[in-house]
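Report on one structure; see the data block that follows.
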Amino acid sequence: MAGNIMNPPINGSLAKLQSLNGLFAIYKKQGPTSADVLNTLKETLLKEAGVQNPNPRKRKKQSLKMGHGGTLDSAASGVLVVGVGNGTKMLSTMLAGSKKYVAVGELGKATDTLDAGGIVTAEKDFEHITRLDLEDKLKTFTGNIMQVPPLYSALKKDGQRLSVLLKKGHKVEAKPARPVTVYNLSLQEFKPPLFTLDIECGGGFYVRSLVDDLGKALSSCAHVKELIRTKQGQFTLEEHALHEEQWTLEHILRSLQPCSDSEQGMDCTKAAEADT
């Protein structure tokens, strides 16, 4: 009972915030983790609703139920779909649905994390690679393919993320290759050592693994220099993603995709698996 004494009285704004059920999209900038961005969003909304010193990381008796579907790496930016209230039960569909990315890869350097934030582990020549070579290799990575997830990822072993275990100095074995789907894959720009890809893929797909595998297939190596998610499910970066200055109750009410009765009855799935 003592915990309830500390709760502030619920005002109109907070009640309206807590009554939200559905999905909406926000823009995640490069740098913070997806979890950090979600906590900042919750804190911003709770402060607007008049909650003093909100603690968005406190899971028990939290005053605002919110989650995200499909983790974006810290170094990535773009669309992050958020579920609020019973909308959190719909997040599993965001993991399984189609996503679009724009990825800038850099030939000639491999890193331990497969992106620009990692330590360089290999350097190889890339001058022999032509635009036609790259375009030809892309065909082998289109359709239903097998892909080994990166070691540095949100996938878990014994309840802990592989990336966390690696940072603690633990030895981590690569997860086995698993089936993923690439609907469309095209080369937009080729200015060696940089190249830009447009990617449309299904759930569980890692762009970092694609670029790493592509570098190896071209008898060189490569890593992701920049990654932007431009679409997740029905949410696009241009039309739907709310930027930080738009993280208000008014803007969310305008853009919220409400739950249907059937969706509100779905099993709640924790959407924590990364796709980048």
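The values are calculated or read from the model by the stated rules, or taken from the named source; none is laboratory data. Since this is a predicted model, take the numbers as computed values, not measurements. Please note: Cβ atoms are built from the backbone with ideal geometry, for glycine as well, and neighbour counts cover all protein chains shown. Calculation scope for accessible area: heavy atoms of the full protein, side chains included, ligands and nucleic acids excluded. Shrake-Rupley method; radii C 1.70, N 1.55, O 1.52, S 1.80 Å.
Worth a mention:
- Within the range 217-276, restricting attention to residues that are modelled with pLDDT under 95 and hydroxyl-bearing (Ser, Thr, Tyr), the residue that is nearest to Val102 (Cα to Cα) is Thr276.
- Residue within the range 192-200 that is part of a strand (DSSP E or B), aromatic (Phe, Trp, Tyr), touching a strand residue (DSSP E or B) at 6+ places or on another chain (Cβ under 7 Å) and open to solvent by 10 Å² or more (accessible area, probe 1.4 Å) present: no
- Residue that is modelled with the lowest pLDDT, among those in the range 112-129 that are in contact with a Cys (Cβ under 9 Å, 6 or more places away or on another chain) and more than 18 Å from Thr196 (Cα to Cα): Thr121
- Of all the criteria given as (1) over 27 Å from Thr230 (Cβ atoms); (2) without any contact (Cβ under 8 Å) to a residue 60 or more places away in the chain, the one not satisfied by Asp125 is (2).
- So Ser163, is it hydroxyl-bearing (Ser, Thr, Tyr), exposed (fewer than 12 other Cβ atoms within 10 Å of the Cβ) and at pLDDT below 95: no
- The residue that is modelled with the lowest pLDDT, counting only those in the range 60-72 that are open to solvent by less than 30 Å² (accessible area, probe 1.4 Å) and over 21 Å from Ser13 (Cα atoms), is Gly70.
- Hits in the range 201-242 - residues which are open to solvent by less than 30 Å² (accessible area, probe 1.4 Å) and assigned to a helix (DSSP H, G or I): Val207, Arg208, Ser209, Leu210, Val211, Asp212, Leu214, Gly215
Yes/no matrix, rows are residues, columns are (1) in contact with a Lys or Arg (Cβ under 8 Å, 6 or more places away or on another chain); (2) surrounded by fewer than 22 Cβ atoms within 10 Å (Cβ to Cβ); (3) at pLDDT 95 or above; (4) at positive phi:
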{"position": "Thr33", "(1), (2), (3), (4)": "no, yes, no, no"}
{"position": "Gly50", "(1), (2), (3), (4)": "no, yes, no, yes"}
{"position": "Arg57", "(1), (2), (3), (4)": "no, yes, no, no"}
{"position": "Ala76", "(1), (2), (3), (4)": "yes, no, yes, no"}
{"position": "Val84", "(1), (2), (3), (4)": "yes, no, yes, no"}
{"position": "Ala103", "(1), (2), (3), (4)": "no, no, yes, no"}
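- If you check Thr88, Thr140, Thr113 for being part of a helix (DSSP H, G or I) and crowded, with 21+ Cβ neighbours inside 10 Å, only one passes: Thr88.
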